[in-house]
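Here the structure is laid out as structure tokens; the discussion comes afterwards.
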Amino acid sequence: MAVEYVEQLSDFFRNIVNYRDKEIISLQEETDLLQTYFFLQQKRHGSNIELISALSEQQKAQYFIPPLTLQLLMENAIKHNAVSKETRLVISLDITDDEYLLFKNNIHTRLSKQESSGMGLQNIINRYTLLSSKKVKIEQDENYFIVSLPLLKN
């Protein structure tokens, strides 16, 4: 298990280096990167974290997204929520009819809040401002935090 973890960690860092200078990558590449990051987090949190994707292979090939956007959103979800057997974190991905990628997680606010500069979400918003006329949408209610990302076409 340690060897597999190190291999996944190595893949994750290699991809960061490969994508750091790109403005956009395919949704396939981004979800592959997210799966690698999810694997690392699942080793830490076990079955208390879940990733559900309703994305088709065609959608993954058709659309583009700024690199590391989904990883950053998952990192935020883990940072701001309690993750335990009693408070499972469920993250889902879906695409709307108007070509937005929905990143949705349930909310289980931590008892001890972590410091947050808000820079992660602002960074995503700033990147999209340069790439699309569509705006990033951020919604939150008592149960869910949802970020709607405009999907890009190359």
| task | Collect the residues in the range 36-67 that are of a type in the set (S, T, N, Q) and under 16 Å from residue 84 (Cα atoms), keeping them in residue-number order. | result | 41, 42, 47, 48
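Basic (Lys, Arg), under 14 Å from the mean Cα position of the chain (by Cα) and surrounded by 11 or more Cβ atoms within 10 Å (Cβ to Cβ): is that true of residue 134 in this structure?
no
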| Residues being surrounded by fewer than 17 Cβ atoms within 10 Å (Cβ to Cβ) and of a type in the set (Lys, Arg) - total across the range 49-87 | 2
| Could you give every pair whose Cβ atoms fall below 7 Å, whose first residue belongs to the range 1-24 and is in contact (Cβ under 8 Å) with a residue 24 or more places away in the chain, and whose second residue is assigned to a helix (DSSP H, G or I) and of a type in the set (Ser, Thr, Tyr), counting only separations of at least 6 or pairs across chains? | 8/36; 11/36; 12/36; 12/37
| query | In the range 109-154, which residues are at pLDDT 95 or above and among the β-branched types (Val, Ile, Thr)? | reply | 124, 125, 129, 136, 138, 146, 147
| Out of the range 10-52, which residues are among the small types (Gly, Ala, Ser) and farther than 24 Å from residue 104 by Cβ? | 10
| query | Which of the residues spanning the range 37-73 are under 13 Å from the mean Cα position of the chain (by Cα) and either within 21 Å of residue 127 (Cβ to Cβ) or in a loop (DSSP other than H, G, I, E, B) (or both)? | reply | 37, 65, 66, 67, 68, 69, 70, 71, 72, 73
| If you go through the range 16-26, how many residues are assigned to a loop (DSSP other than H, G, I, E, B) and surrounded by fewer than 11 Cβ atoms within 10 Å (Cβ to Cβ)? | 2
| Residue check, residue 29 under 26 Å from residue 138 (Cα atoms), of a type outside the set (A, V, I, L, M), in contact with a Leu (Cβ under 7 Å, 6 or more places away or on another chain) and not in a strand (DSSP E or B) | no
| field | All positions within the range 1-15 that are surrounded by fewer than 14 Cβ atoms within 10 Å (Cβ to Cβ) and in a helix (DSSP H, G or I) | value | 2, 3, 4, 5, 6, 7, 10, 13, 14
| message | Restricting to the range 86-108, name every residue that is touching a Ser or Thr at 6+ places or on another chain (Cβ under 8 Å) and aliphatic (A, V, I, L, M). | response | 93, 101, 102
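For the range 27-36: of the residues being closer than 16 Å to residue 92 by Cβ and under 11 Å from the mean Cα position of the chain (by Cα), which is surrounded by the most Cβ atoms within 10 Å (Cβ to Cβ)? Even if it seems obvious, please write down each step before you answer.
First pass over the range 27-36, keeping only residues closer than 16 Å to residue 92 by Cβ: 27, 30-31, 34-35.
Retained after the next criterion (residues that are under 11 Å from the mean Cα position of the chain (by Cα)): 30-31, 34-35.
Working: 30: 24, 31: 20, 34: 22, 35: 16.
Out of the qualifying residues, it is 30.
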| query | How about the range 74-95: which of its residues are of a type outside the set (Gly, Ala, Ser), more than 9 Å from the chain's Cα centre (by Cα) and not in a helix (DSSP H, G or I)? | reply | 81, 83, 85, 86, 87, 88, 89, 90, 94, 95
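The values are calculated or read from the model by the stated rules, or taken from the named source; none is laboratory data. The structure displayed is predicted, hence computed values, not measured ones. Every residue, glycine among them, receives a Cβ derived from its backbone with ideal geometry; neighbour counts consider all protein chains shown.
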